[in-house]
Amino acid sequence: MKMKAKWASAPYIIWMILFTIIPLAMIVYFAFTGSDGSFTLENVKNAGVHIPTLANSIYLALISTVVCLVVAYPFAYYISRKSYSKQKMMVMLVMLPMWMNFLLRTHALSALIEDNGVINTILTSIGLEPLKMINTQGAVIFGMVYNFLPYMIMPLYSIMTKIDNRTIEAAADLGANTLQTHRSIIVPMSVPGIISGITMVFVPSVSTFVISGLLGGSENYLIGDIITAQMLGSAYNLHYGSATSLLLMIVVLVTMIIFNGLDSEDTEGMLA
């Protein structure tokens, strides 16, 4: 049985080695070497100039994550209280936009909010002034929420659907109103889903480059855009790009450790 289990895990181990461990090792290698292959810390020191951009990326990602949580929480709760057939239909509607290519969704959003886009065309046709939406931080946040909202809804729904209706009914029988029920029962029991949703939205938001490139313009470049330019663009410098990527990886790793720690503490508290 043990031998069969080892063979069953072999494809996953090979996949992790080829597409996770080796690429990470290459990034670390190029980050700490020069063009001649010698060890150097210059790349890491130079990557420090992008810390303000990284801080702005974290700031916009945090705002987008909070907006996603505020929007997704009541919607996920609403779905979880419906009948099973209605839940399946609503979950399909949530998942439906994710079946479309990420780049196409962002291009479609750009067509809606650009200066001569659909929204401004409608506004001008009814005599209103057009709005400046494209190439702003607001557009970047809107794009993140638009693309990553399902990643917040699904973990919340998965946790909330496991909350027994009898628990909520018992709280009502004991005199708790809707707000008290949510504060004392629903929210504490939903914490694992909240943490998972925050992680699933924050990590891709802080590292995105497509959304900021298409909706934010050159004045709202994020750390992902800088890495893309260094790895693939005109500013090609594999060593410098790897050092900048390493900086972003540290932020993502710290974020994952913090949220995993919170999730573990919450699980222990519920078991206690």
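For the reader, a short list of remarks on this structure follows.
- Neighbours by Cβ (under 7 Å, 6+ apart or cross-chain): first from segment 4-28, in contact (Cβ under 8 Å) with a residue 24 or more places away in the chain; second in a helix (DSSP H, G or I) and surrounded by 10 or more Cβ atoms within 10 Å (Cβ to Cβ): I27/S242; I27/S245; I27/L246; V28/L246
- Pairs, first more than 14 Å from S196 (Cβ to Cβ) in segment 247-272, second modelled with pLDDT of 85 or more and of a type in the set (F, W, Y), C-beta under 9 Å, six or more apart: V252/F202
- Identity of the residue in segment 30-42, in contact (Cβ under 8 Å) with a residue 12 or more places away in the chain and part of a helix (DSSP H, G or I), that ends up surrounded by the most Cβ atoms within 10 Å (Cβ to Cβ): A31
- Among the conditions (1) modelled with pLDDT of 95 or more; (2) β-branched (V, I, T); (3) over 14 Å from the mean Cα position of the chain (by Cα), I153 misses just one, which is (3).
- Verdict on K86 being outside any helix (DSSP H, G or I) and modelled with pLDDT under 95: no
- The requirement of being under 28 Å from L54 (Cα atoms) and of a type in the set (V, I, T) is fulfilled somewhere in segment 211-223, by at least one residue.
- Listed conditions (1) within 20 Å of V210 (Cα to Cα); (2) modelled with pLDDT of 95 or more are all met by V70, apart from (1).
- Top-ranked residue in segment 186-203 [being among the hydrophobic types (A, V, I, L, M, F, W, C) and farther than 30 Å from S57 by Cβ; ranked as surrounded by the fewest Cβ atoms within 10 Å (Cβ to Cβ)]: M189
- Condition check for A139: part of a helix (DSSP H, G or I) and either basic (K, R) or at pLDDT below 95 (or both): no
- Being farther than 19 Å from A61 by Cβ and not in a loop (DSSP other than H, G, I, E, B) holds for only one residue in L109, L96, L131, and it is L96.
- Pick from segment 156-179, criterion surrounded by 13 or more Cβ atoms within 10 Å (Cβ to Cβ) and closer than 16 Å to A76 by Cβ, ranking: modelled with the lowest pLDDT: I168
- Whichever residue in segment 43-90 is of a type in the set (S, T, N, Q) and closer than 22 Å to D164 by Cα and, among such residues, is surrounded by the most Cβ atoms within 10 Å (Cβ to Cβ): S80
- Selection from segment 57-77 of residues that are aromatic (F, W, Y) and touching a residue at least 12 places away in the same chain (Cβ under 8 Å): Y73, F75, Y77
- In segment 1-15, the qualifying residues are those that are among the hydrophobic types (A, V, I, L, M, F, W, C) and part of a helix (DSSP H, G or I), and the one that is modelled with the lowest pLDDT is M3.
Results for (1) among the charged types (D, E, K, R); (2) surrounded by fewer than 18 Cβ atoms within 10 Å (Cβ to Cβ); (3) over 20 Å from the mean Cα position of the chain (by Cα); (4) at pLDDT below 85, shown as yes or no for each residue.
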| site | (1), (2), (3), (4) |
| --- | --- |
| T181 | no, no, yes, no |
| S184 | no, yes, yes, no |
| S207 | no, no, no, no |
| I226 | no, no, no, no |
| G233 | no, yes, yes, yes |
| L238 | no, yes, yes, no |
| I257 | no, yes, no, no |
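The values are calculated or read from the model by the stated rules, or taken from the named source; none is laboratory data. Because the structure is predicted, anything quoted here is derived from the model rather than measured. Using ideal geometry, Cβ is built from the backbone for each residue, glycine included, and neighbour counts are taken over all protein chains shown.
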